[in-house]
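Engineer: Before we start, here is the structure in question, set down as structure tokens.
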Amino acid sequence: MYKPPRTPRRQLALSLQLVADELDDLLWDFTLETEDRARFYSFRIYDPGRPLEPDTLYILNPSKESCRYFPASDYPYLSIGDWEGAAEHICVRGQDFLAVVNILSHIFQRFRDFEAELNWILNHGGDLDTLCAAATAYLQNPVYLHDSVFAILALPCHVEGMLELDYNPETGKYFIPLWLVEDFKFSEGYRETLRQTRAAIWGTNQYPYHMRSLYVNIWDINYYRARLLVNELHVALRPSDGLLLEYLADYVLLILRRDDIVSVQNRRDLVSTLQNLIATGEADRRDLQILMTTLGWRETGRFLMAKLQSQEQRNAVTSITVLRSSLSAAFPEAFIFFYERQLCMVTDLNASGLDQPAFRSRLAPFLRDSLMYAGVSLPVDGILDLNTAYIQANYAMERAFRMRGHQWCVSFDSCALEYLLSHVETPTPLSQYLAPVPRFLRQYDLEHGSQYYATLRAFLQNERSIPKTAAALIIHRTTLLYRLEKIISLTKIDLDDEAARLYLQLSFHLSEEPFS
């Protein structure tokens, strides 16, 4: 089993704003002058006899004559009492020197403990939930993470006031509701947040949950992978929380990359096996066994294939990827993956307890809400028949696009006859293989003003029911019986022969609709 290399320990730098926020929590009297550029890893009481070091916060005690030698324009400092200087600084009033040193020691130690916890999580196989739990404890507000398609990657706690997420009890995973994602698609304000590269505030007053959130986008080079958020629910967000969240985002990215090495490869192997089954109906026996074991399927189960495609491709938030998260929750027994740039679902009907109509019924609302079309196959009796199921699902989806109506979900059985007839191959034109009766009756009607063609067609369509056929043609049953006698007399057909009737029905069908 591959084991990722150990990540070097990361050391984080404090800022004056972070120190000031801690002092503010203690209700200390102080002034802050900062451009939030200075960063330091330690603090030191100023001693003119020691060389000054960069990345250090210096403590000045104005009661000491030696402080007048401190270059207050070049190094960040904290002074007891006012001390004028051009460098970034904090001036504390009403506190003695020992109290300031003690509280700085506490601030630095708390920060270093947090840093050590993050490094331990990173280098000891900790997950994103553990990382966000540590951040929640430090920031005293709930911290969570979702990916680029709004699936929740980490949610150590869900408290009152947070967005009500959809939940999949089978997987124990949360995801952002599809209705909210659909709103984001058309929101210029949300699109603007996708361009942010630093921590920023996101207000959600336009939604049912009135809160502020601090967020930072997780960028992997130029690829937007996820978003880390802090909800302002327990304590007010502090100015330095943005820096802490950016630090945390670096750890999140390292864990995502670490987990990618294993999880992406595992999923890629499963998808590759399914793609082979779809393309050829065959797969390596070992790969097939891994697929069956991982997904909990049986090779001789009953499987259904669905193929989905978006009606629109223009929006900032792509429905097809968001829909995948929602479908995973609604169909926990299904495996959902991309093939030929379209979304495919393979469902084990035995495990789900669904039949084909129930599957379509559950799928239809998702298609409607996310502007998708879907084609659904007939059930197949084994995993090795997935290539047949894929062909059926693909043909049904293409029919949905040809229809361009309100039927979002088309099943193969509704267009199976069309498929079969379109794949009939004959050495000469297909019309030459049709029963001659429809053509003869059409010509006879033209010459004699009769309606025998329509009468025989309606009689066959209504399964030889005299009342139904008479009602369909709006004629008296006596008239119908006379016409049928005349048709039999003219054509010598045997309407009691089942095979003859089927041949006639197909000939009527093919003579009216061209199939290639």
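Engineer: Angle check, please: helix 498-512 long axis (alpha carbons) against the longest principal axis of the chain (alpha carbons), in degrees 0 to 90, nearest 10.
Structural biologist: 70
Engineer: Looking at the chain only, what percent of DSSP beta bridges run antiparallel? Nearest 5 please.
Structural biologist: On the way: 47 of 61 bridges.
Once the DSSP bridges in the chain are tallied, antiparallel ones form about 75 percent.
Engineer: Among 429, 328, 77, whose Cα sits farthest toward the positive end of the charge dipole of the chain (+1 at Cβ of Lys/Arg, -1 at Cβ of Asp/Glu, about the Cα centre)?
Structural biologist: So the residue we want is 429.
Engineer: Using only the Cα atoms of the range 65-173, construct the convex hull and provide its projected area averaged over every direction, in square nanometres to one decimal.
Structural biologist: About 11.7 nm², averaged over all directions.
Engineer: Treating only the Cβ atoms of Lys and Arg (+1) and Asp and Glu (-1) as charged, compute the dipole magnitude of the chain about its Cα centre; round to the nearest 20 debye.
Structural biologist: Working: 50 positive and 65 negative charges, 330 e Å.
So the magnitude is around 1580 debye.
Engineer: To one decimal place, what orientation-averaged projected area in nm² is obtained for the convex hull of the Cα set of the range 426-481? Working shown, then result.
Structural biologist: Working: hull surface 18.7 nm².
Dividing the Cα hull surface by four gives the mean projection, 4.7 nm².
Engineer: State in Å² the accessible area per residue of the range 118-261; use a 1.4 Å probe, count heavy atoms of protein chains only, and round to the nearest integer. Write out the running numbers ahead of the final one.
Structural biologist: Numbers: 6280 Å² over 144 residues.
Heavy-atom SASA per residue in the range 118-261 reads 44 Å².
Engineer: For the range 133-204, with the dipole built from +1 on Lys and Arg beta-carbon atoms and -1 on Asp and Glu ones, taken about the Cα centre, which of 193, 142, 154 lies farthest toward the positive end?
Structural biologist: Working it through, the farthest residue towards the positive pole turns out to be 193.
Engineer: Here's a follow-up. Find the relative contact order for the chain and round it to a whole percent, using C-alpha pairs within less than 8 Å whose residues are 6+ positions apart.
Structural biologist: Numbers: 745 pairs, mean separation 46.0, N = 516.
Taking the mean separation of contacting Cα pairs over the length of the chain, I get 9 percent.
Engineer: Which whole-Hz couplings ³J(HN,Hα) result when phi for each residue of the range 470-484 is put into the Karplus expression 6.51 cos²θ - 1.76 cosθ + 1.60, θ = phi - 60°, listed in order with x for Gly and Pro?
Structural biologist: 3J(HN,Hα) across the range 470-484, in whole Hz: 4, 5, 5, 8, 6, 9, 6, 4, 5, 4, 4, 4, 4, 4, 5.
Engineer: In the full protein assembly as shown, how much of residue 91 is accessible to a 1.4 Å probe, in Å² to the nearest 10?
Structural biologist: Rounded to the nearest 10, that gives 10 Å².
Engineer: Does anyone have the angle between helix 128-139 and the longest principal axis of the chain? Alpha-carbon axes, 0 to 90°, nearest 10?
Structural biologist: 40
Engineer: Starting from the Cα gyration tensor of the range 380-516, multiply each eigenvalue by 5, take the square root, and state the resulting semi-axes largest first in whole Å. Let's see the in-between values first.
Structural biologist: On the way: eigenvalues 236, 65, 44 Å².
Taking √(5λ) for each Cα gyration eigenvalue gives 34, 18, 15 Å.
Engineer: Toward the positive end of the charge dipole of the range 411-516, about the Cα centre and with charges on Cβ (Lys, Arg +1; Asp, Glu -1), which of 478, 454, 438 goes farthest?
Structural biologist: Selected residue: 478.
Engineer: Which distance in Å, rounded to a whole number, links the C-alpha centroids of the range 81-117 and the range 442-469?
Structural biologist: Taking the Cα centre of each part, the range 81-117 and the range 442-469 sit 98 Å apart.
Engineer: For the range 449-459, just list the computed ³J(HN,Hα) in residue order, Karplus coefficients 6.51, -1.76 and 1.60, θ = phi - 60°, integers in Hz, with x standing in for Gly and Pro.
Structural biologist: Ordered by residue, 3J(HN,Hα) equals x, 8, 10, 6, 4, 5, 5, 5, 4, 5, 4 Hz.
Engineer: For the range 12-120, run through the GluC sites (Glu not before Pro) and keep only the ones in DSSP coil with at most 10 other Cβ atoms within 10 Å of their Cβ. Numbers along the way, then the final one.
Structural biologist: Numbers: sites: 22, 33, 35, 65, 84, 88, 115, 117; in loops: 35, 84, 88.
The qualifying sites are 35, 84.
Engineer: Compute the orientation-averaged projected area for the chain from the convex hull of its Cα atoms and round it to one decimal in nm².
Structural biologist: Details: hull surface 140.8 nm².
Answer in nm², one decimal: 35.2.
Engineer: Hey, another quick one. Run the accessible area of the range 1-159 with a 1.4 Å probe and give the carbon-and-sulfur part as a rounded percent. Before the final figure, lay out each step's value.
Structural biologist: Values: 3970 of 7950 Å².
Answer for the range 1-159: carbon and sulfur cover 50 percent of the accessible area.
Engineer: With each run of n ≥ 4 DSSP H residues scored as -39500 (n - 2.57), what mean residue ellipticity at 222 nm is computed for the chain after dividing by its residue count and rounding to the nearest 500 deg cm²/dmol?
Structural biologist: Working: 17 runs with 231 residues, N = 516.
Taken over the chain, the calculation gives -14500 deg cm²/dmol.
Engineer: Please state the charge dipole magnitude for the range 45-171, taken about the Cα centre, from unit charges on C-beta atoms (+1 on K and R, -1 on D and E), reported in debye and rounded to the nearest 20. Numbers along the way, then the final one.
Structural biologist: On the way: 6 positive and 19 negative charges, 139 e Å.
Using only the charged Cβ atoms, the result is roughly 660 debye.
Engineer: Over the range 1-94, what is the relative contact order in whole percent, taking alpha-carbon pairs under 8 Å and six or more residues apart?
Structural biologist: Once normalised by length, the contact order is 27 percent.
Engineer: To continue, here is another question. Distance from the Cα centre of the range 325-392 to that of the range 222-241, in angstrom?
Structural biologist: Taking the Cα centre of each part, the range 325-392 and the range 222-241 sit 36 Å apart.
Engineer: Express the C-alpha Rg of the range 1-112 as a ratio against the empirical globular expectation 2.2 N^0.38 Å, rounded to two decimals. Mind dumping the intermediate values first?
Structural biologist: On the way: Rg = 15.9 Å, N = 112, 2.2 N^0.38 = 13.2 Å.
Normalised Cα radius of gyration, the range 1-112: 1.20.
Engineer: Return the sequence-ordered ³J(HN,Hα) values of the range 292-308 in whole Hz as given by the Karplus equation 6.51 cos²θ - 1.76 cosθ + 1.60 applied to θ = phi - 60°, using x for Gly and Pro.
Structural biologist: 4, 5, 5, 8, x, 9, 10, 4, 9, x, 9, 10, 10, 10, 10, 10, 10
The values are calculated or read from the model by the stated rules, or taken from the named source; none is laboratory data. The shown structure was predicted, so the numbers you read here are calculated from the model rather than taken from an experiment. Note: ideal-geometry Cβ built from the backbone for every residue, glycine included; neighbour counts use all protein chains shown. Quick note on the areas: whole protein, heavy atoms, side chains included, nothing else; ligands and nucleic acids left out. Shrake-Rupley method; radii C 1.70, N 1.55, O 1.52, S 1.80 Å.
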